[in-house]
Amino acid sequence: MGFFSSWLFKSGLSFAPEDGKGTASSAYGGLGMALGNNGFNVIGALFLSQFRLGFIVFGIFTFAGVLIATLIVHEPSNLDETSTKKKEKFSLKKCKVNFSFLANWRDYYLALIGKMFQGVGNFAITGYILYIMTDFLHRGNQTQSSIQLVNMIMLIFGILMGLVAGPLSNKFKILKLPVGLSTILLAIAGLSLFFLRNNTGIILYALAAGLGMGLWNALDNLLNLKVIPDQNRVAFFLGVYNLGNTITQAIAPVLAAAVISLFGYSGIFIVSFIFFLDWWYFNAID
């Protein structure tokens, strides 16, 4: 569902006016992702001591959300449409061309690999944030309030970046630099918990991660469109690019679990730091 909704939006973003793409990207990524991810995490933390009730409540939210989204989109059927294009047969040769590392596709592949590295670094921490609070930072009965504080700060910064990042990117014609900066901020966020295992570290993590994820969510969608090598095949390239969302959510928990078993929770932050900086390397500003 997440894969489809993200692909659907990015495909729709390609139809936005050129001078409004940044604003549209910010509205979806900065505002939408912040409210969805961090806003509901604040609410979700309330159910830590009543997790069964939480599953019921959020199950109802999910069911209602799907119905509302279906009613809003209300995509009409295209079964009666006739295509004038000749149906192409599948061949290994065409498949090879689609995924070949051609020189003029450099930025696309760098962005794809970079997105995967950023995703692994991010989900390795956020996927284990509850256990980081309880087993690594030993927050005890302050776990709930700590998670709420982190997500509230990230929510505020996500909304802020959703309002300003896209328009500023359009105005000053910069894109790669702020997206690259976002991963450096996320790397700093991880190290703040590693070195400062107290309230100060938690607040610094929330501030740096909030600003970093706010920038990333606001501008990453626009970057996706800028690096597509063939504007006539936007849906195909966005579909491949969206693997950076789905694969990383599967890989990160497995990698994090292996790191925890070998080095303890401290290892998560070092691994995340390395992955975040590798995004900067793969997407070197040129």
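Readers should treat all values here as calculations from the given coordinates under stated rules, not as data from a laboratory. Predicted, not measured: the structure shown is a model, and the values here were computed from it. Backbone-built Cβ (ideal geometry, glycine too); neighbour counts: all protein chains shown.
Placing one identical point scatterer on every Cα of the range 105-217 and ignoring solvent, what is log10 I(q)/I(0) from the Debye formula at q = 0.13, 0.16, 0.19 Å⁻¹?
Rounded to two decimals, the profile gives -0.53, -0.76, -0.99.
Residue farthest toward the positive end of the dipole of the range 171-276, with Cβ of Lys/Arg at +1 and Asp/Glu at -1: which of Ser182, Val271, Asn198?
Ser182
Based on the Cβ-Cβ distance from Ala69 to Tyr131, what FRET efficiency comes out when R0 is 35 Å, to the nearest 0.05?
0.65
Filter the chymotrypsin sites (Phe, Trp or Tyr not before Pro) in the range 100-153 to those in DSSP coil with at most 11 other Cβ atoms within 10 Å of their Cβ, and list the result.
Here the sparse-neighbourhood loop sites are Phe101.
With each label point set 7 Å from Cα along the Cα-Cβ vector, what nm distance links Ile60 and Ile184?
4.7 nm
Got a sec to turn the phi values of the range 159-167 into Karplus ³J(HN,Hα) couplings, 6.51 cos²θ - 1.76 cosθ + 1.60 with θ = phi - 60°, whole Hz, x for Gly and Pro?
Those phi angles translate into 5, 4, 5, x, 7, 10, 4, x, x Hz.
Cβ neighbours within 10 Å, averaged per peptide: list 150-159, 258-267 in order, most packed at the top.
So the peptides 150-159, 258-267, ranked by packing, come out 150-159, 258-267.
Ranked highest first by the average count of other Cβ atoms within 10 Å around their residues, in what order do 62-72, 230-240, 192-202 fall?
Ranking, from highest mean packing down: 192-202, 230-240, 62-72.
Could you tell me what a quarter of the Cα convex hull surface of the range 158-267 works out to, in nm² with one decimal place?
Taking the Cα atoms of the range 158-267, their convex hull projects to 8.5 nm² on average.
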